[in-house]
Each structure stands twice: as structure tokens, then as C-alpha cells.
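K.L.:
Below: one structure in C-alpha cells.
The values are calculated or read from the model by the stated rules, or taken from the named source; none is laboratory data. Source: prediction; values computed, not measured. For neighbour counting, all protein chains shown are included, and Cβ atoms are generated from backbone atoms with ideal geometry for every residue, glycine included.
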Amino acid sequence: MLVLESTSRIAMGAALGLKITTGTIIVQQKGDATMGNIYAYVLQDNIYLNITNRCPNRCVFCIRENRKGVGYDLWLDREPTAEEVLEAAGDVSAFREVVFCGYGEPLLRWEVVTEVARSLKAKYGAKIRINTNGLAEAVLKHKILPELEGLVDTISISLNAASADQYHHLCKSALGPEAFTCMLQFARDSKLYIPRVILSVVQTSDFNPEPARKIAEEMGVEFRIRGLQTE
């Protein structure tokens, strides 16, 4: 296994036939085939950790369904260990935030999230954010939020709709119509354990964000509108 770091990763990636911009990439070599697994990648002044492709939702606007994505191929051949994620992240002291966000729901691997967050906080004093659909507790039937207390500074939860019917239409969750209620309860509970809670929606041409904004206001959390990527 090769780890492509800072100054050498672009040149080494080119030699291996990979297009690499910024961020760290773990490259697995199996026989003559080279298979890329990006566990950490950089966007602006944050570093993002990509730890799973599993997700209970199939959102119609999901970035992983778009050709361009975020500029990185975040599809994984396998899920990384906590040690591999830490190796890929490296020294995170220069980044504004460390964000658990990739092509899947990070809290389905909450044990990896907590181990990595604990290490990065202890070593670098990192600010930790999780981008989540808020459904991992319902899927795993385990209370995850208490495990995050003291480790996570911000949690951004994808609200995406203002009603259960609208949510089911847009997100096509494996949990069915109850997913919306589960997500809202997770958001309420998050306030007990995490200092900053954000509810977000994706802006599309036919979506009015104001009813969703009202949900966030009534819950007493921040509200954010995310832009839609269509390429």
C-alpha cells in the first residue's frame, strides 16, 4: 500500500496513472491493477474524511450520482480502518475543520468516527464536524450521540424537506416514511451533546426552503441552504 503525501503525491499519482489534485490518497495495488481509495481530501480550508460508501438514502440530488462530484473519486473498494484514516489525514493543524463527509453516511461507522476524532483532537486540537443524514441511530438501533459528546464540535444534518412525504420523495430512504421523523428526533437530541447543530437543505428550482427554515427555527438550531451540483 502506498500513501501519497503533500509534495510527492501529484507526481507519484501521475506515475501510477491517477489524476490527483489536493488531499491525500491511499493507493492499493492488486497485481497489475492499481485501485484508488481516497480516505482524506481537501476542499478550501477544510480536510474531509471519506470512511464509507454505505447510506440508507438514495437522494435524487446526491452528489455521488453526478459525474463531477466534488472533484475526487470517492468510491471505495473497501472501508478504511481508523489507523488508515489517521494516516491519510496526517497533520491537520493547518485546517479550519476536519469534516467526516464522503460518499456515504459516516455515523454508520461511529466507532471509527470517535476513534479518529479523539486522536485528532488530542494531537492537534482539531475542530470536528460531521455531515450526516441523521439516520444512523435508527439504522443501527444504537444511541450514537452520547458517544460523540466532547469529540464533535459541529453536526450538520440533512433536513432536505419540510414533510415526511416530501422527504420520502426526495431521499428514497430504506427506512421508508418513518425516516423523516427519525431524522428530526436525531436533530433534537443532537442539541444535548453537540455545541453547534445545523439543519440543511438543497436548493432546487421547485423547492421552497422557508417551511424547512421554520423547522430549524422552532428547533433552535442553525439553518443552511446548500447549492445543487448538476454536473
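K.L.:
Inside region 106-176, counting only helices (runs of 4 or more DSSP H) that do not spill past its ends, which hold 2 or more residues that are among the charged types (D, E, K, R) and at pLDDT 95 or above?
P.N.:
Once the helices (runs of 4 or more DSSP H) in region 106-176 are filtered for at least 2 residues that are among the charged types (D, E, K, R) and at pLDDT 95 or above, what remains is 110-124.
K.L.:
Restricted to region 219-229, and to residues that are touching a residue at least 40 places away in the same chain (Cβ under 8 Å) and part of a loop (DSSP other than H, G, I, E, B), which residue is surrounded by the most Cβ atoms within 10 Å (Cβ to Cβ)?
P.N.:
Filtering region 219-229 for residues that are touching a residue at least 40 places away in the same chain (Cβ under 8 Å) and part of a loop (DSSP other than H, G, I, E, B), the one surrounded by the most Cβ atoms within 10 Å (Cβ to Cβ) comes out as Q229.
K.L.:
Follow-up question, since we're still on this one. Every residue in region 192-218 that is assigned to a strand (DSSP E or B) and among the hydroxyl-bearing types (S, T, Y), please.
P.N.:
Selection gives S200 alone.
K.L.:
Filter region 173-208 for residues that are under 15 Å from F61 (Cα atoms) and surrounded by 18 or more Cβ atoms within 10 Å (Cβ to Cβ) and give the result.
P.N.:
S173, S200, V201, V202, F207
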